[in-house]
Amino acid sequence: MPKLRYKEVVDRLAADIREGRLRPGTQLPTHRKLAMREGLALVTATRVYAELHAMGLVSGEIGRGTFVKEALPRGHGVDLPAWSTTTIDLSFNSPSVPGQTDLLRTALRQLASSGDAEALLRYQPHGGRAHERAIMAGHLRSRGLKASMENTALVSGAQHGLTVTAMALLEPGDVVAADALTYPGFKLAAEACRLELLPIPAAGRGLDLDALVQLCRRRKVRAVYTMPTLHNPLGWVIAAQRRRELVAIARRYGLMLIEDGAYAFLEERAPPPLAALAPELTVYVSGLSKSVATGLRVGMVHAPLQWMAALERTIRATTWHTPAVMTAIACGWIEDGTVTRLEAEKRVDASQRQALVTEILGHLKPVRHPASYFVWLPMPEEVRADAVSKALMREQILVSPAHPYATSKHIPHAIRLALGSVDGGTLRQSLQTVAQAVASFAY
């Protein structure tokens, strides 16, 4: 039987289970009945069920048959086993460099002795205090944006910024184009706001602009969500010419551009942001979670002036304002150069971690940026990504499967590895375990 036919059966059954068409406890056909239904050899039908079992989707009971398993608890878009102190998290990035804890202690002491400590206990303006908005605008200007206090608002991290943007500027039912593989947090925001998210395939290192034009001709597209610098999960940096072409398409069809710059600090020589090329139609969202600390929930939204009132109303509706203690620490670190220094250190750190990827996983042709904190690892043709993820879970290693990132029905056999939440020695050992897991399923 051709390999593709075998894969189709496994993929179809796996999709039926994940999407609820086959519910937990459902008894599946016997191996012989599956073989007859699908036109497979009996040994191949047995192999199909073995693959589904390796993925953790079914269980076999002697004398009773094969049943759909209850899904494991989900967290952060990843199926999680029972957590333990030995769990190694390669599913989320929380990059840190030496000395950050001491920085926080110092910052808290300075806040405690500052003259306006009482002001931190009061309600703040929804978009942030004027001087802090000015500081954050200055930070954005260092990335090439024409930012000012008036067109910049503070939010509780980039995820909050994306959600605020969707809630404030889009309507339920609006069509938003996004990469076929994209940041899961925006997918959640789009779902919560009842937006219709349509996939745009990749073309080289960027979205397929011809496909975007064809979509705009068929449907009334309201916005495009994109990560032109350090795309998550593919790590691309869209070239300057393609950015200009995207802007031209947006102007031609009246599209809003939602630009996610969460990881942009990792590329020093990036072309100008879309928000610099088309400030009149672009909302730029970023934060300090990756460049400073994930617990510092401070982000920024930069948008045309005519949209700021709607954005601030939505900030009020969702958080009232970003906590003043957080914004005070963040702005202090921007002013004294701490953020710039941490970003430089993390670029070096990420490059060193990518060197480990090259050494250990290079033969698997990972897709990544040379200075990023994540890797997209396509599986060899004969290897199932779910089976690898399940095997790694048994080793107490968490990785991200592909389905949280997919906006299309096609789920690639790949996993995403976050490199920034463990020390270098642990990362080396974990990547070696990943390589061994992939090799164990290759035949």
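The numbers here are math on the coordinates, done by the rules we state, and not lab data. Treat the numbers as computed from the prediction; the structure is a model and nothing was measured. Using ideal geometry, Cβ is built from the backbone for each residue, glycine included, and neighbour counts are taken over all protein chains shown.
In a reduced charge model with +1 at each Lys and Arg Cβ and -1 at each Asp and Glu Cβ, the stretch 265-348 shows a dipole moment near 240 debye about its Cα centre. Shown here are the Rg and Dmax of the Cα trace of the stretch 231-307, at 13.2, 40 Å. Rounded to the nearest 20, the Cβ-based charge dipole of the chain about its Cα centre (Lys and Arg +1, Asp and Glu -1) stands at 1020 debye.
Angle of helix 209-218 to the longest C-alpha principal axis of the chain, folded into 0 to 90 degrees and rounded to 10: 90°. Note on the chain: with a GNM built from Cα contacts shorter than 10 Å, the maximum mean-square fluctuation among THR152, THR433, THR407 falls on THR433. At full extension, SER408 and GLN432 could sit 5.5 nm farther apart than now, given 0.36 nm per residue minus the alpha carbon distance. Overall dimensions of the stretch 181-223, expressed as equivalent-ellipsoid semi-axes from the Cα gyration tensor (√(5λ), whole Å, largest first), are 20, 15, 5. Treating each Cα of the stretch 346-443 as one equal point scatterer and applying the Debye formula with no solvent, the log10 of I(q)/I(0) at q = 0.16, 0.21, 0.24 Å⁻¹ comes out as -0.63, -1.09, -1.37. For the stretch 199-302, a crude dipole built from +1 on the beta carbon of Lys and Arg and -1 on the beta carbon of Asp and Glu, taken about the Cα centre, is about 380 debye to the nearest 20. Counting only Cα atoms, the chain measures 76, 52, 38 Å along its principal axes, largest extent leading. Taking other residues whose beta carbon is less than 13 angstrom from the beta carbon of THR152, and scoring Lys, Arg as +1 and Asp, Glu as -1, yields +2. Note on the stretch 240-366: the C-alpha convex hull projects to 10.5 nm² when averaged across all orientations. The long axis of helix 338-361 is offset from the longest Cα principal axis of the chain by roughly 20 degrees.
For the chain, the longest principal axis of the C-alpha atoms and the axis of helix 130-141 are separated by about 60°.
If you add up the charges near LYS290, with Lys and Arg at +1 and Asp and Glu at -1, over every other residue whose beta carbon is less than 10 angstrom from its beta carbon, what do you get?
So the environment of LYS290 carries a net charge of 0.
Remark: for residue pairs LYS69/LYS390; LYS7/LYS390; LYS7/LYS33; LYS187/LYS409; LYS187/LYS346; LYS290/LYS346, the C-alpha separation exceeds 20 Å in LYS187/LYS346. Residues considered: GLN306, GLN354, GLN432. Largest GNM mean-square fluctuation over the chain, using C-alpha springs under 10 Å, is found at GLN306. Between the stretch 6-36 and the stretch 383-412, the alpha-carbon centres lie 18 Å apart. The residues neighbouring CYS193, those whose beta-carbon lies less than 12 Å from its own, together hold a net charge of -1 under the Lys/Arg +1, Asp/Glu -1 convention.
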